[in-house]
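A.B. asks: Here you go, one structure.
The values are calculated or read from the model by the stated rules, or taken from the named source; none is laboratory data. Just so we're clear, the structure is a prediction, and the values are computed from it rather than from any experiment. Here the Cβ positions follow ideal geometry from the backbone for every residue, glycine too, while neighbour counts run over all protein chains shown. Heads up: the accessible areas ignore ligands, DNA and RNA and are worked out on the full protein's heavy atoms, side chains in. Shrake-Rupley method; radii C 1.70, N 1.55, O 1.52, S 1.80 Å.
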Amino acid sequence: MKNINSVFVGLLLMMSSCNFFTLDTPNDPNNPSLGSVSQNASRTQVQNLVTGLESRHRDYLFTVTALFGTLGRELWYLNASDPRWQTDWLGMNGRQATPNMFGYLNTYQQPYFAIRQAQTVIDAVNNTNTFTTEEKNAISGFSKTLMAYQYLIVAMGQYENGIRIDVKDVQNPGPFLPLAESLTQIKRILDEGNTELGAGGTGNFPLRLTTGFTGNGFGTIAALRQMNRAIAARLAVYRQDWQGALDAVNASFYSATGNLEAGPAHTYGAPPDAFNPLFFVRNAAVSTLLVVHPSVINDTIAGDARVRAKFFRRTAPVSVTSDGTPLAGQYQDNRYAANTSEIKFFRNEELVLIAAEANAQLNKTPEAVAAINRIRTAAGIGNYTGATTKDALINEILFQRRYSLWGEPWGHRWVDLRRYDRLNATNVDVSLDRGTIFKQLARPQAEVNWDAYVQTR
């Protein structure tokens with residue numbers, strides 16, 4: 001496979017700012033110049049574009065996982081090289097999430113680069129005679145599925161700021177849409193992708209995908225539709241569309257009794273590819289490390305197999321001091337065997353938890369409890385014996401999500417607490433870092449400058 005990490009972005013300067021929607025990389029084999037693929041692109045060129053899309057699809061991962069995880073206090077990214085990794089990300093001593101917040105832009109710009117890459121794939125395949133109609137539908141549907149996933153990342157970071165959905169014309173991007181409308185538009189894109197995949201024929205996807213898809217059972221068009229519906233289920237939960245969530249779960253790769261680890265993945269490899277950004281050598285004597293937040297360890301249930309599987313207890317903690325506050329992590333991530341290990345970006349375990357939540361919200365108590373028990377028994381902590389009111393079940397589901405989805409490439413804890421209006425000191429332990437509980441990130445300064453410029457034109 002060509003170097004999946006050969007993705008370089010030429011940023012367009014506008015008022016000394018970046019335009020996050022520009023994509024033109026003429027010397028990158030995975031991302032040919034826009035002009036060369038806009039008409040009559042060859043099969044090889046479109047293949048390279050799809051490979052480039054897979055690469056861009058994973059570029060968000062470290063910053064989103066580390067920052068969103070930090071905001072929800074499921075982990076800390078301790079980095080002695082620059083105190084701002086702690087002071088800014090934790091909001092220490094009253095710091096706020098500003099447009100100039102340190103190190104957060106990849107939660108915004110990398111998803112938009114992937115979105116633009118997906119649009120380039122769609123334009124290229126629709127403007128060539130190289131592919132059959134069915135193949136065009138399959139490729140476009142796959143691209144829209146990843147596009148929707150990336151839009152949702154930006155929406156979760158920006159939240160009430162809203163996001164731009166229309167970014168096809170990079171010189172004249174569309175307006176910021178409020179959160180609810182943004183999520184509705186993301187649903188539209190996902191549904192279009194699902195419909196196109198459905199019209200994409202049967203059998204394998206017409207172009208080569210990495211083993212993150214093919215090695216995990218997602219090399220067929222039918223399986224990619226199931227992946228699309230899994231993302232739709234996550235989105236439906238965020239939209240509080242509980243029946244829609246169940247419908248999407250049932251059309252996805254969900255299995256109530258199957259492997260909880262099943263799902264598509266981001267792949268990594270040795271240079272010239274990129275290493276797994278969440279892998280750190282166990283027990284290494286380092287001053288930079290993703291560590292498990294102490295509150296996560298303190299709140300565990302005895303015997304929980306997830307704790308043993310996910311968390312590695314170091315012989316000595318990693319410690320930093322920022323703004324006079326010492327921070328120390330005794331546990332690090334234990335999930336990845338090597339720096340080339342793949343990272344699942346959606347797993348069946350999340351689908352089981354979505355089914356539990358949607359059923360609880362719909363007062364389908366037996367179904368909700370059954371799904372909860374699937375998670376609990378897999379973790380070795382026995383069946384649920386608590387109250388079965390809706391509130392009690394939601395409390396239990398959020399607790400199970402905290403451990404089942406810890407450190408996933410999304411930041412579920414922060415998002416979950418926010419959507420249940422629980423972003424407070426009761427649920428977000430800031431006692432050790434004396435930090436701030438952020439509801440959302442700020443709109444990037446480049447966007448603020450661009451809107452100010454547009455108003456003067």
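A.B. asks: Could you tell me the relative contact order of the chain? Use alpha-carbon pairs under 8 Å, at least six residues apart, and round to a whole percent.
C.D. replies: Numbers: 840 pairs, mean separation 93.7, N = 457.
Contact order relative to length: 21 percent.
A.B. asks: Kindly flag which residue pairs out of K136/K344; K187/K390; K144/K439; K168/K364; K187/K439 have an alpha-carbon separation exceeding 32 Å in this structure.
C.D. replies: The pairs that break the limit, which is 32 Å between Cα atoms, are K168/K364.
A.B. asks: Follow-up. What distance in nm lies between label points placed 7 Å from Cα along the C-beta direction at V430 and A80?
C.D. replies: 2.8
A.B. asks: May I ask you to give the average projected area over all directions of the convex hull of the Cα atoms of region 328-421, in nm² rounded to one decimal?
C.D. replies: Mean projected area for region 328-421: 7.5 nm², to one decimal.
A.B. asks: Now for a different question. Find out how many positive minus negative residues lie around G141, taking Lys and Arg as positive, Asp and Glu as negative, among other residues whose Cβ is under 11 Å from that of G141. Intermediate results must be reported in sequence, preceding the final value.
C.D. replies: Working: positive: K136, K144, R225; negative: E134, E135, D191, E192, E196.
Once positives and negatives cancel, what remains is -2.
A.B. asks: If a/c stays under 1.5 just call it rounded; otherwise compare a/b with b/c (prolate if a/b is bigger, oblate if not). Do that for region 261-380, with a ≥ b ≥ c from the square roots of the Cα gyration tensor eigenvalues.
C.D. replies: The shape class here is oblate.
A.B. asks: Calculate the length of the line joining the C-alpha centroid of region 116-142 to that of region 327-400, in whole Å.
C.D. replies: 37
A.B. asks: Output the relative contact order of region 338-457, whole-number percent, from Cα pairs under 8 angstrom with separation of 6+ residues.
C.D. replies: 17
A.B. asks: Let me know the volume per residue of the alpha-carbon convex hull for region 106-170, in Å³.
C.D. replies: Given the Cα convex hull of region 106-170, per-residue volume reads 75 Å³.
A.B. asks: Just to verify a number: what accessible area does S38 come out at with the full protein assembly present, 1.4 Å probe, Å² rounded to tens?
C.D. replies: Solvent-accessible area, nearest 10 Å²: 50 Å².
A.B. asks: Near I231, within a Cβ-to-Cβ distance under 12 Å, what is the net charge of the other residues, with Lys and Arg +1 and Asp and Glu -1?
C.D. replies: +3
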